[in-house]
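A short write-up of the structure that comes next.
The values are calculated or read from the model by the stated rules, or taken from the named source; none is laboratory data. These numbers come from a predicted model, not from an experiment. FYI the Cβ positions are ideal-geometry reconstructions off the backbone, even for glycines, and counts take in every protein chain you see. The area values use the complete protein model at the heavy-atom level, side chains included, leaving out ligands, DNA and RNA. Shrake-Rupley method; radii C 1.70, N 1.55, O 1.52, S 1.80 Å.
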Amino acid sequence: MRKKIIAGNWKMNMTPSQAVALCAELKDLVKNDDVDVVYCVPAIDIVPVVNALKGTNVKVGAENMYFEEKGAFTGEISAAMLKDAGVEYVIIGHSERRDYFKEDDALLNKKVKKAIEAGLTPILCCGETLEQREMGITMDWIRMQIKSDLAGVAAADVAKLVIAYEPIWAIGTGKTATTAQAEEVCGGIRACIEEIYDKATAEAVRIQYGGSVNAANAAELFAEKDIDGGLVGGASLKADFGKIVCYNK
Ligand code: PGA
């Protein structure tokens, strides 16, 4: 049985002091032993958030990292830095990074490998545009993303990975994919993993849905057999996140 994983993606929100206040506000609301809970936070919030979450059930994730070990890469943050600061997860290939910062699959493949090498768990994002969905190429596109982003990654590492299916048209729009649409693609991703690797790896990998997840739709989405939790943007910044984490209570 796969344990659900529900991660907040704070994006470029919360100053360090606001971040600490949010951790305190959510502390008692996000307790659920059935679920792994993660806050993926801006780099500058990592150290105060790690401290604020000491002794709680919540783990810390980063929103990005660079693949090089260290050196002259002004403005970048390495996997080793994240690990040393107490980070356990790192979002890789969020659609905002692919789109605004032109991160391509070749780069994301390097990031995935480096994160794993450093002992971080990647939350690898994939998803189609509205145009691609309307053209009927959703699954082809996502299979291409998964295959490129995981090229050369061993089955044992893929089994421990988190993949987030986030249809771009559902992110921050209030327009959630229907439960059937979300399950169809999450199941398709699992089938793709089985095809590249094997059944055991496909059964182990955790696949989240992301895109306008909220307190009202979380329980229905997470009840699907191939949806192992969510990557939550907007709703992770409010008390509602507690309701999402406790979706089964
Ligand atoms: P949203 O963002 O929940 O605000 O739609 C999800 C995400 O981008 O991870």
statement: Cβ pairs under 8 Å, 6+ apart or interchain, first in region 32-44 and touching a residue at least 40 places away in the same chain (Cβ under 8 Å), second assigned to a helix (DSSP H, G or I), ordered by first then second residue, are Asn32/Val245; Val35/Val245; Val37/Val245; Tyr39/Cys23; Tyr39/Val49; Tyr39/Ser236
- line: Checked against (1) within 16 Å of the ligand (Cβ to nearest atom); (2) assigned to a helix (DSSP H, G or I); (3) open to solvent by 40 Å² or more (accessible area, probe 1.4 Å), Tyr247 satisfies every condition except (2)
statement: For region 136-156 the number of residues that are surrounded by 13 or more Cβ atoms within 10 Å (Cβ to Cβ), among the aliphatic types (A, V, I, L, M) and either in a helix (DSSP H, G or I) or at pLDDT below 95 (or both) is 5
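If you go through region 158-169 one residue at a time, how many are open to solvent by less than 40 Å² (accessible area, probe 1.4 Å), within 11 Å of the ligand (Cβ to nearest atom) and not charged (D, E, K, R)? Step through it out loud before you land on a result.
Within region 158-169, the first condition is being open to solvent by less than 40 Å² (accessible area, probe 1.4 Å), and the residues that meet it are 158-159, 161-167, 169.
From what is left, the residues that are within 11 Å of the ligand (Cβ to nearest atom) are 164-167, 169.
Checking which are not charged (D, E, K, R) leaves us with 164-165, 167, 169.
Qualifying residue count for the region: 4.
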- request: Could you list all residues from region 219-230 that are part of a helix (DSSP H, G or I) and open to solvent by 40 Å² or more (accessible area, probe 1.4 Å)?
  value: Ala219, Glu220
query: Which members of region 204-218 meet the condition of being open to solvent by 30 Å² or more (accessible area, probe 1.4 Å), small (Gly, Ala, Ser) and within 16 Å of the ligand (Cβ to nearest atom)?
result: Ala215, Ala216
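With the requirement that a residue be part of a helix (DSSP H, G or I) and open to solvent by 40 Å² or more (accessible area, probe 1.4 Å), what does region 191-203 give you? Don't jump to the end; show me each part of the working.
Our first condition is that a residue be part of a helix (DSSP H, G or I); within region 191-203, this holds for 191-196, 199-203.
Correct list: Ala191, Glu194, Glu195, Ile196, Lys199, Ala200, Glu203.
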- prompt: Which of the following residues is farther than 19 Å from Ala118 by Cα, modelled with pLDDT of 95 or more and among the basic types (Lys, Arg): Lys83, Lys70, Lys59, Lys27?
  reply: Lys27
message: Suppose we filter Ala79, Ala62 for residues that are crowded, with 21+ Cβ neighbours inside 10 Å, under 27 Å from Trp169 (Cβ atoms) and of a type in the set (A, V, I, L, M); which single one remains?
response: Ala62
- prompt: Applying the selection to region 99-135, what residues are without any contact (Cβ under 8 Å) to a residue 40 or more places away in the chain, closer than 19 Å to Gly172 by Cα and open to solvent by less than 40 Å² (accessible area, probe 1.4 Å)?
  reply: Gln132
query: Could you say which residue among Gly229, Gly174 is out of contact with any Gly (no Cβ under 9 Å at 6 or more places or on another chain), on the phi > 0 side of the Ramachandran plot and within 16 Å of the ligand (Cβ to nearest atom)?
result: Gly229
message: Of everything in region 170-182, what is open to solvent by 30 Å² or more (accessible area, probe 1.4 Å) and modelled with pLDDT of 95 or more? Give them in sequence order.
response: Thr178, Ala180, Gln181
query: What do you reckon, is Gly233 touching a residue at least 40 places away in the same chain (Cβ under 8 Å) and either surrounded by fewer than 16 Cβ atoms within 10 Å (Cβ to Cβ) or polar (S, T, N, Q) (or both)?
result: no
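Only one of Asp84, Asp33 is closer than 18 Å to Gly230 by Cβ and open to solvent by 70 Å² or more (accessible area, probe 1.4 Å); which? If you could, list the steps in order and put the result at the bottom.
Numbers: Asp84 fails: closer than 18 Å to Gly230 by Cβ.
Criteria check complete, one pass: Asp33.
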message: With the requirement that a residue be polar (S, T, N, Q) and within 26 Å of Leu161 (Cβ to Cβ), what does region 17-52 give you?
response: Asn32
